[in-house]
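Structure first, commentary second.
The values are calculated or read from the model by the stated rules, or taken from the named source; none is laboratory data. The structure displayed is predicted, hence computed values, not measured ones. Here the Cβ positions follow ideal geometry from the backbone for every residue, glycine too, while neighbour counts run over all protein chains shown.
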């Protein structure tokens, strides 16, 4: 089954990389391939009298055919599941109007004082013309309290709501996670918000069912923890360990855990589930051994081992349900279930078979699990442990077997002793016990046994750290060098002390639960304090740009090489395979050229301009007041693409969708120079100065050169900033320095409006000429005047706008104005991020949703 499930997983992974789902021709080809491969397997596996070498070749070809057939089946299964899920879609015409719906809350995703996010299961749509349509049966809603406090929202509660929905859509940026894949994995086929809270009505009776009961239990545990740990700094970690919900973990805790390589302790992992299963199995077995039925001991009816295994599986399933069935928990639960079935049937099963079954069962339940980091990290860690353990001798000599019969029982001749031999024997045993304390040989055995266990633990830690380093670099763009040391303390501390205390709080009634959770929080406080000390070490963290496929593959070969059994040849060469990962090629363009990346941050602006050795970020997108795009998108994008330092951070003006993300950028990335068109008393000046950046007010006439590329500020004029923020936006022009027809320029116009455009045209119309234009004010009708466009005359125009944004940007008339000039148009709501490679005489445009398209991505909005 290892070959079958590994091939099945390969097919599922291949499907999730496709831009479109298979058509009828592809389905026919898959069916033909599977049929031919199965036929070949049957023929090759038949016993025939032939040469030994040829028989081995036939059997090897049969296993290859099984693997390929399984891959085809996996691809077909994933495609079938995708077609079923994508068939339910929201009509495009419903995206811009209120819709009345009836349903119940399935799961609370997050909740604070005045806002909540939850999954909502549809029961009916109060809209005419829905007959025969396959409408979404699960949507993700947010509810923000405006005129009244947020009502109690609990799983199973039925509501009639007026909502405003849109099709699933997430920002698309090169190298960052795809939020649309997460929504698809959850089964969410529309997202939106409650648009009229005054007319929301709670309906009775509430929904019932196993899933509702599980979610209510999770919500109840979370509410109990909230009451006990009010305003506690690490309350989110306690909630995460109890229920698997990680939305309340503070940003400071996440940063500290990520930088020390211990973020996995927040997730309910296989280790925690194994602890619960082991404790429950031991208790069930011990209780069963003491049960009698009509004078017959219970183990004679059903073996205690089978009862213990059943109890372990049931407890693990209950804990997995409480944890929300995340991928690591699913993996551990399926491994335990497969092992339990084998024990019940009195069959032996290898650990690799158990892992393969878990892999297949996880993907059968959720084919989109392969798009999440947790899948790769969980299976990668367990696979590394099993592979590393495959070459370690497991022969153990019993300490007692080395002793003679007299040494094992020094009073074995008690039958020949005098009548008072019992007292003498007891006294002799006490003497032997006392002497054993001073027995050097026995102490040496204890020391050897302890050293062996420590060596096994160190080997496991080494294997996991080594195997997960390339995956950590790929998913999180960093390798915590302090990770082995931090995990050596954090894993046993959390597993042996914190997690049992958290689970004790779940099981105990009030007020005992409060004491348990407060004790767990205190222990977490000690741990986070120690991790903060380790985080401060200068060599604790190695940041890397996201590795490519070849660098990741080479590092994977090196991992297998290093973890191979003893005696594997040339193991000293294995570290060389990590060089492409640790020493990536310089990410910048060639001297004299520049790269412009207009990020997809929703409604807002953020543009990264890179030369050969320098980087400038123009605006930082929205901040905490809106979508957290600065922290959620801009900073990870910089880290993913190896931008370790910004030579200049330019904030065009004081508008939240341009400046809101600047604090997050300043905190995460060193900035040499902070240039802005904001008022002198703005707090960003003090924040930048405090972090060591040189601060400069942007003004027309400022010029500098980097690596053969010229930068020039065209607006605003020097002097005090007067008027509304849009009147004094920084306008930046970036140009290759080669003159004549081969020069390439880009104009970043921020949110200037018609008045500023007229002034710029009157001052120097020829100086505005640029091949690339980041459209002013997101395509608002107050900008992009005809004279301005005639002066710039761009070849490419980039609209940075949010999907179905409330401002209706870009304005249809303005968009038509650009289209009528036959300009290549790119808009972030339809194309995602846009990357421009500009060099003298050449200009290349790359859209995210063209080169990185997946079958679940929505097309351009109407």
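Checked against the criterion of being touching a residue at least 24 places away in the same chain (Cβ under 8 Å), crowded, with 23+ Cβ neighbours inside 10 Å and farther than 16 Å from residue 726 by Cβ, the candidates 827, 853 yield just one match: 827. A single member of 774, 731 is at pLDDT 95 or above and closer than 20 Å to residue 825 by Cβ, and it is 774. Restricting the search to helices (runs of 4 or more DSSP H) fully inside the stretch 317-392 and requiring at least 2 residues that are more than 16 Å from residue 6 (Cβ to Cβ) gives 327-344, 373-389. Quick check: is even one residue across the stretch 176-184 over 26 Å from residue 16 (Cα atoms) and either touching a strand residue (DSSP E or B) at 6+ places or on another chain (Cβ under 6 Å) or part of a loop (DSSP other than H, G, I, E, B) (or both)? Within the stretch 176-184, none of the residues are over 26 Å from residue 16 (Cα atoms) and either touching a strand residue (DSSP E or B) at 6+ places or on another chain (Cβ under 6 Å) or part of a loop (DSSP other than H, G, I, E, B) (or both). Among the residues of the stretch 654-676, those that are out of contact with any strand residue (DSSP E or B) (no Cβ under 7 Å at 6 or more places or on another chain) and under 22 Å from residue 776 (Cα atoms) comprise 654, 655, 656, 657, 660, 661.
Before we move on, is residue 19 in a helix (DSSP H, G or I), modelled with pLDDT of 90 or more and not assigned by TED's automatic domain parsing to the domain that holds residue 179? Criteria not met by residue 19. Scanning the stretch 778-797 for residues being in a helix (DSSP H, G or I) and touching a strand residue (DSSP E or B) at 6+ places or on another chain (Cβ under 6 Å) gives a total of 2. Would you mind stating whether residue 232 is closer than 22 Å to residue 253 by Cα, over 25 Å from the mean Cα position of the chain (by Cα) and surrounded by 15 or more Cβ atoms within 10 Å (Cβ to Cβ)? Spelling it out, residue 232 is indeed closer than 22 Å to residue 253 by Cα, over 25 Å from the mean Cα position of the chain (by Cα) and surrounded by 15 or more Cβ atoms within 10 Å (Cβ to Cβ). Of all residues in the stretch 798-810, those that are at positive phi and assigned by TED's automatic domain parsing to the domain that holds residue 770 have Cβ atoms under 7 Å from Cβ atoms of residues that are part of a loop (DSSP other than H, G, I, E, B) and buried (at least 16 other Cβ atoms within 10 Å of the Cβ), 6 or more apart or on another chain, in 804/861.
Just to be sure, is residue 273 assigned to a helix (DSSP H, G or I), within 30 Å of residue 482 (Cβ to Cβ) and either at pLDDT below 90 or over 17 Å from the mean Cα position of the chain (by Cα) (or both)? Here the answer is yes, as residue 273 does meet what is asked. Restricting attention to the stretch 695-724, the residues that are surrounded by 13 or more Cβ atoms within 10 Å (Cβ to Cβ) and over 22 Å from residue 747 (Cβ atoms) add up to 1. In this structure, residue 248 does not satisfy being outside the structural domain of residue 320 (by TED's automatic domain parsing) and surrounded by fewer than 18 Cβ atoms within 10 Å (Cβ to Cβ). Take the conditions part of a loop (DSSP other than H, G, I, E, B), touching a strand residue (DSSP E or B) at 6+ places or on another chain (Cβ under 7 Å) and closer than 27 Å to residue 676 by Cβ and apply them to residue 588. Does it pass? When the stated conditions are applied, residue 588 passes them. What residue, among those in the stretch 524-566 that are over 19 Å from residue 265 (Cβ atoms), touching a residue at least 60 places away in the same chain (Cβ under 8 Å) and part of a loop (DSSP other than H, G, I, E, B), is farthest from the chain's Cα centre (by Cα)? Result: 566. Taken over the stretch 620-647, the residue count meeting the criterion of being within 17 Å of residue 732 (Cβ to Cβ) and touching a strand residue (DSSP E or B) at 6+ places or on another chain (Cβ under 6 Å) is 2.
Of everything in the stretch 832-850 that is in contact (Cβ under 8 Å) with a residue 24 or more places away in the chain and assigned to a helix (DSSP H, G or I), the residue that is surrounded by the fewest Cβ atoms within 10 Å (Cβ to Cβ) is 849. Please go through (1) over 30 Å from residue 474 (Cβ atoms); (2) touching a helix residue (DSSP H, G or I) at 6+ places or on another chain (Cβ under 9 Å) for residue 686 and return the number of the only condition it doesn't satisfy. Of the numbered conditions (1) over 30 Å from residue 474 (Cβ atoms); (2) touching a helix residue (DSSP H, G or I) at 6+ places or on another chain (Cβ under 9 Å), the odd one out for residue 686 is (2). Looking at the stretch 214-223, is at least one residue surrounded by 21 or more Cβ atoms within 10 Å (Cβ to Cβ) and at negative phi? Within the stretch 214-223, one or more residues are surrounded by 21 or more Cβ atoms within 10 Å (Cβ to Cβ) and at negative phi.
Inspect the stretch 681-694 for any residue being within 28 Å of residue 772 (Cα to Cα) and either buried (at least 16 other Cβ atoms within 10 Å of the Cβ) or in the same structural domain as residue 598 (by TED's automatic domain parsing) (or both) and give the result as yes or no. No; the residues of the stretch 681-694 include none that is within 28 Å of residue 772 (Cα to Cα) and either buried (at least 16 other Cβ atoms within 10 Å of the Cβ) or in the same structural domain as residue 598 (by TED's automatic domain parsing) (or both).
Consider the stretch 15-38 and keep the residues that are within 25 Å of residue 179 (Cβ to Cβ) and either surrounded by 16 or more Cβ atoms within 10 Å (Cβ to Cβ) or without any contact (Cβ under 8 Å) to a residue 40 or more places away in the chain (or both). The one that is farthest from the chain's Cα centre (by Cα) is 22.
Checked against (1) over 23 Å from residue 262 (Cα atoms); (2) assigned by TED's automatic domain parsing to the domain that holds residue 744; (3) out of contact with any helix residue (DSSP H, G or I) (no Cβ under 6 Å at 6 or more places or on another chain), residue 623 passes all but condition (3). Considering the stretch 580-596, the residues that are touching a helix residue (DSSP H, G or I) at 6+ places or on another chain (Cβ under 8 Å) and surrounded by fewer than 23 Cβ atoms within 10 Å (Cβ to Cβ) include one that is modelled with the highest pLDDT, namely 580.
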